[in-house]
1. Please find, among Leu106, Leu76, the residue that is out of contact with any Ser or Thr (no Cβ under 9 Å at 6 or more places or on another chain), of a type outside the set (D, E, K, R) and within 27 Å of Gly132 (Cα to Cα).
2. Suppose the filter is assigned to a loop (DSSP other than H, G, I, E, B), touching a helix residue (DSSP H, G or I) at 6+ places or on another chain (Cβ under 7 Å), surrounded by fewer than 18 Cβ atoms within 10 Å (Cβ to Cβ) and not small (Gly, Ala, Ser); does Pro190 pass it?
3. Check the range 131-139 and report whether any residue there is part of a strand (DSSP E or B), in contact with a Leu (Cβ under 8 Å, 6 or more places away or on another chain) and either surrounded by fewer than 21 Cβ atoms within 10 Å (Cβ to Cβ) or among the hydrophobic types (A, V, I, L, M, F, W, C) (or both).
4. Applying the selection to the range 1-50, what residues are within 11 Å of the chain's Cα centre (by Cα) and not aliphatic (A, V, I, L, M)?
5. In the list Arg103, Arg118, Arg87, which residue meets the criterion of being farther than 21 Å from Ile52 by Cβ and in contact (Cβ under 8 Å) with a residue 40 or more places away in the chain?
6. Go through Ala27, Ala37 for me and flag whichever is in a helix (DSSP H, G or I), buried (at least 18 other Cβ atoms within 10 Å of the Cβ) and in contact (Cβ under 8 Å) with a residue 12 or more places away in the chain.
7. Within the range 44-77, track down each residue that is part of a loop (DSSP other than H, G, I, E, B) and modelled with pLDDT under 95.
8. Quick check: is even one residue across the range 169-187 aliphatic (A, V, I, L, M), buried (at least 17 other Cβ atoms within 10 Å of the Cβ) and touching a Lys or Arg at 6+ places or on another chain (Cβ under 7 Å)?
Amino acid sequence: MSIRLAHWHKTMLCGVNGQGKSVLFRALVKDYLEAGARLLLYDSEHELSDKIPKRKGIAPETYLASLRERYPGLTLYVPRYSTKEARITEFDKVCGRVYETGRIILAVESIDFYAPPRQDLSENLQKIVHWGRNEDIGLIMTSRRPANVNKDACALNQNWFLFHCYINNDLKWLREFIPAHHVEELKTLPLYEFLHWTQNSVARHNPIPEQEAEL
């Protein structure tokens, strides 16, 4: 894959369901792991711990063992709690471990589960967002509905990967970070294509082939 991110970068992927966020998410995770990075994947969607093994027709234990063998830097965390309060508390404890560890990347899908807009960021997620760079900690997040994410979680992002989006609240939210004319492009962005926006550049990308995201 031609996209390269710094170890300490904070990155957000957003767009409506079924546009290719998870494929790009896994491709970015794979690139970091193949470069020798340590990475904790918080498996919010149970993709690696359940859905992908089922699609491959193999036992989850077998699949996870093969992942650990191929990628010794990978730690997979499968969340246990489903209520809002317990979910945020559990995630914050893992963020605390990440911050204490240092020189690691935290990758999490559906960040809106853990950083809702009408309450403060949890203590350890705040540390990662605001001071993670000092500890060489990277952060990769996804959201289907960015308007449901606390803006502080994204305030210091270096990278935005933007897929098709048409919901007015989400477009309005994105305009607080991204120039309006680029946000407008998202309404007509073809399936699986995406924009990579940084403070210095914007590039339009073709779909990421599935094999580049194969873990």
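The values are calculated or read from the model by the stated rules, or taken from the named source; none is laboratory data. Worth saying up front: this structure is predicted, and the values here are computed from it rather than measured. Cβ sites come from the backbone with ideal geometry, for glycine too, and all protein chains shown count toward neighbours.
1. One residue alone meets the criteria, Leu106.
2. Details: assigned to a loop (DSSP other than H, G, I, E, B): yes; touching a helix residue (DSSP H, G or I) at 6+ places or on another chain (Cβ under 7 Å): no; surrounded by fewer than 18 Cβ atoms within 10 Å (Cβ to Cβ): yes; not small (Gly, Ala, Ser): yes.
Judged against the criteria, Pro190 is not a match.
3. Yes, the range 131-139 has at least one match.
4. Hits for the range 1-50 are Lys10, Thr11, Cys14, Lys21, Ser22, Phe25, Arg26, Tyr42, Asp43, Ser44.
5. Result of the check over Arg103, Arg118, Arg87: Arg103.
6. Within the list Ala27, Ala37, the selection yields Ala27.
7. Selection gives Ser44, Glu45, His46, Gly57, Ile58, Ala59.
8. Within the range 169-187 (the criterion being aliphatic (A, V, I, L, M), buried (at least 17 other Cβ atoms within 10 Å of the Cβ) and touching a Lys or Arg at 6+ places or on another chain (Cβ under 7 Å)), the answer is yes, since at least one residue qualifies.
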